[in-house]
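**Q** Following this message is one structure expressed as structure tokens.
The values are calculated or read from the model by the stated rules, or taken from the named source; none is laboratory data. These numbers come from a predicted model, not from an experiment. Here the Cβ positions follow ideal geometry from the backbone for every residue, glycine too, while neighbour counts run over all protein chains shown.
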Amino acid sequence: MTKKIKLFCIPYAGGSANMYNSWKSGLNSNIELCPIELAGRGNRITENPYQNLEEALEDIYDQVSEDILNYDYAIFGHSLGAMLAYELTQKITSIGLNQPMHVFFSGRKPPHIHRKEKWSLLSSTEFEKKIMLLGGTPPEFFKYPELKEIFIPLLRSDFSLSETIVDRPEIIPLDTDISILLGEDEGIPPETSVQWYSHTTKKCNIQYFEGNHFFLLQQKEAILEIINENLVQESLMVAM
């Protein structure tokens, strides 16, 4: 008998928890989808964006802390969400709690490779150009000043989090299986992605998908297949 697994999903910069809602019908019956809502969006839109990475991690940890004591669980994060998933897992490990069964890092370079360009420090015009080129945000959005007034500061805050350098003297590998999901056209070549192997003492699977950084939005079925295969297999192994 397979055990119930909580799947905590963390969105990308500017994204809301509801971006994962369409996954429910595609997940195996023993996997419970648990989207994480970050401050300043969705049903938390009235809250201020995070001031720093520590504040973000503490908030996410508060949302999952009770469940991770009582359930098997996994974590999925895309882009900024992948970075937060990694740092959350490091936090959980550092305080001696049960690690996730699996962590899925999507659309992100290995943690020890830092972003050189700081988008969060760009002028408003340059920042908007970068966001439009990256994709994921409808071009029509930038035509409405009232929406930009709310969304651009949130995006800038999210990119500031994403660009935070966590200073570790050496890599501290996780003690859990990980999967790396990347777009073929997002500029993370195999010689870079293979460096994820050093971030776990267990299995590391790397999978490329057709598309750019937002392959996540076009490759839902393939991504869910990977999640299902890994979590169902690991749940059976735990049950044995």
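**Q** Could you check segment 191-215 and list, in sequence order, the residues that are out of contact with any helix residue (DSSP H, G or I) (no Cβ under 7 Å at 6 or more places or on another chain), touching a residue at least 40 places away in the same chain (Cβ under 8 Å) and not polar (S, T, N, Q)?
**A** Within segment 191-215, 196, 199, 214, 215 meet the criteria.
**Q** Filter segment 96-113 for residues that are closer than 14 Å to residue 175 by Cα and at pLDDT 95 or above; which is nearest to the chain's Cα centre (by Cα)?
**A** Here the residue is 104.
**Q** Hey, another quick one. Collect the residues in segment 45-54 that are surrounded by fewer than 18 Cβ atoms within 10 Å (Cβ to Cβ), in contact with a helix residue (DSSP H, G or I) (Cβ under 9 Å, 6 or more places away or on another chain) and under 16 Å from residue 80 (Cβ atoms), keeping them in residue-number order.
**A** Passing the criteria: 51, 52.
**Q** Continuing with the same structure: Looking at 169, 173, which is the one that is at pLDDT 85 or above, over 28 Å from residue 73 (Cα atoms) and of a type outside the set (Asp, Glu)?
**A** 169
**Q** If you go through segment 176-202, how many residues are loosely packed, with under 13 Cβ neighbours inside 10 Å and at pLDDT below 95?
**A** 1
**Q** Determine which single condition residue 158 fails, assuming it passes every other condition in (1) within 17 Å of residue 41 (Cα to Cα); (2) under 20 Å from the mean Cα position of the chain (by Cα); (3) surrounded by fewer than 18 Cβ atoms within 10 Å (Cβ to Cβ).
**A** (3)
**Q** Evaluate the following for residue 72: is it surrounded by fewer than 16 Cβ atoms within 10 Å (Cβ to Cβ) and either under 20 Å from the mean Cα position of the chain (by Cα) or farther than 24 Å from residue 184 by Cα (or both)?
**A** Spelling it out, it is not the case that residue 72 is surrounded by fewer than 16 Cβ atoms within 10 Å (Cβ to Cβ) and either under 20 Å from the mean Cα position of the chain (by Cα) or farther than 24 Å from residue 184 by Cα (or both).
**Q** I need a count of the residues in segment 115-125 that are in contact (Cβ under 8 Å) with a residue 40 or more places away in the chain and either part of a strand (DSSP E or B) or under 21 Å from residue 139 (Cβ atoms) (or both).
**A** 1
Conditions tested, residue by residue: (1) without any contact (Cβ under 8 Å) to a residue 60 or more places away in the chain; (2) exposed (fewer than 14 other Cβ atoms within 10 Å of the Cβ); (3) within 20 Å of residue 215 (Cα to Cα).
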position: 127; (1), (2), (3): yes, no, no
position: 133; (1), (2), (3): yes, yes, yes
position: 146; (1), (2), (3): yes, yes, no
position: 152; (1), (2), (3): yes, no, no
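**Q** Related question: Tell me which of these residue 206 doesn't satisfy, since it passes every other one: (1) more than 15 Å from residue 12 (Cβ to Cβ); (2) crowded, with 17+ Cβ neighbours inside 10 Å; (3) at pLDDT 85 or above.
**A** Of the numbered conditions (1) more than 15 Å from residue 12 (Cβ to Cβ); (2) crowded, with 17+ Cβ neighbours inside 10 Å; (3) at pLDDT 85 or above, the odd one out for residue 206 is (2).
**Q** Could you please let me know if residue 162 is at pLDDT 95 or above and closer than 29 Å to residue 228 by Cβ?
**A** Values: at pLDDT 95 or above: no; closer than 29 Å to residue 228 by Cβ: yes.
No; evaluated as a whole, the condition is false for this residue.
**Q** For segment 1-59, what are the residues that are of a type in the set (Ser, Thr, Tyr) and touching a Gly at 6+ places or on another chain (Cβ under 9 Å)?
**A** Kept after step one, since they are of a type in the set (Ser, Thr, Tyr), are these residues of segment 1-59: 2, 12, 16, 20, 22, 25, 29, 46, 50.
Of everything in segment 1-59, those that are of a type in the set (Ser, Thr, Tyr) and touching a Gly at 6+ places or on another chain (Cβ under 9 Å) turn out to be 12, 16, 46, 50.
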